[in-house]
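Report on the structure given below.
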Amino acid sequence: MPPSFAHQITKYNPADRDERGHYNGAEDTVSDHGPDEAAYLEAIAAFAQESGIDQLEIREPEVTGFVNFGLEAPVDGHGLAGPFPPDLTGYYDGAKVSVPVAQELVRAMLRDQGAWCRLEQQDTVHVGWDQYVYVGSDQPCEAAVARTRELGLFAEPITASPYAADLEEPKVTQAADEDFWERVRAELSSPQTLLLEETYLRNATRWHRLTERTTSTLSAPRSAHARS
């Protein structure tokens with residue numbers, strides 16, 4: 001169920017849009033790494049506070065693949081070096097993070113440094129191209145809207161975020177559930193070696209050599225393929 005209220009938050013003055021809604025003003029489409037960026041992060045915190053949210057859930061996380069289409073050059077750690085360790089422990093689908101960590105994730109996405117995810121709970125925070133941020137809530141968040149405007153940003157009401165999961169084409173993945181592991185165990189009963197390719201983040205994989213002993217340590221649900 002999508003949030004009852006949604007807002008598009010930008011640094012772009014609606015007065016500088018043409019009849020099709022395209023922005024024609026002078027604002028740059030990359031992060032300033034400064035006061036504008038800080039304003040976005042403070043606005044997100046204001047919406048979370050008014051909605052009574054102290055945690056958000058990471059959904060469908062990804063990192064830069066072989067090809068980077070971002071406007072800024074990719075950096076080591078995909079922009080996640082602050083809130084997460086080098087192996088990105090804690091950055092996975094379904095992980096719950098505090099609002100300050102969510103703000104750091106938004107910072108990395110605003111800078112287009114390689115990481116992207118949806119942030120969802122009762123609230124939603126989605127970062128799109130060109131410094132567009134979409135916030136959803138089951139509350140009208142009038143005070144947060146007013147605070148966003150005080151910060152020099154524009155909070156425009158919209159029907160729904162264009163990055164809402166239910167508006168996208170379903171992605172076909174194979175979850176490593178109990179049925180999957182039963183098939184793996186059946187394969188291991190014959191004399192062969194199995195290699196498991198695990199997609200732990202979109203655009204990131206790792207390999208495991210499987211034995212009957214190691215399958216028990218890899219039994220948490222994941223997206224993966226088995227190759228023998």
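The values are calculated or read from the model by the stated rules, or taken from the named source; none is laboratory data. Bear in mind that the values here come from a model prediction, so they are computed numbers and not experimental data. Here Cβ is always computed from backbone atoms with ideal geometry, including for glycine, and neighbour counts include all displayed protein chains. Calculation scope for accessible area: heavy atoms of the full protein, side chains included, ligands and nucleic acids excluded. Shrake-Rupley method; radii C 1.70, N 1.55, O 1.52, S 1.80 Å.
Rounded to the nearest 0.05, what FRET efficiency do residue 146 and residue 89 give with R0 = 45 Å and r taken as the Cβ-Cβ distance? Could you check?
That pair, residue 146 with residue 89, gives E of 0.70.
Please give, to one decimal in nm, the separation of the simple spin-label points placed at residue 185 and residue 130, each 7 Å out from Cα toward the Cβ.
5.4 nm
With a probe of 1.4 Å, find how much accessible area segment 72-141 has per residue, and write the answer as a whole number in Å².
Here the per-residue accessible area is 41 Å².
Round to a whole number: what % of the accessible area of segment 74-153 belongs to carbon and sulfur, probe 1.4 Å?
49 percent
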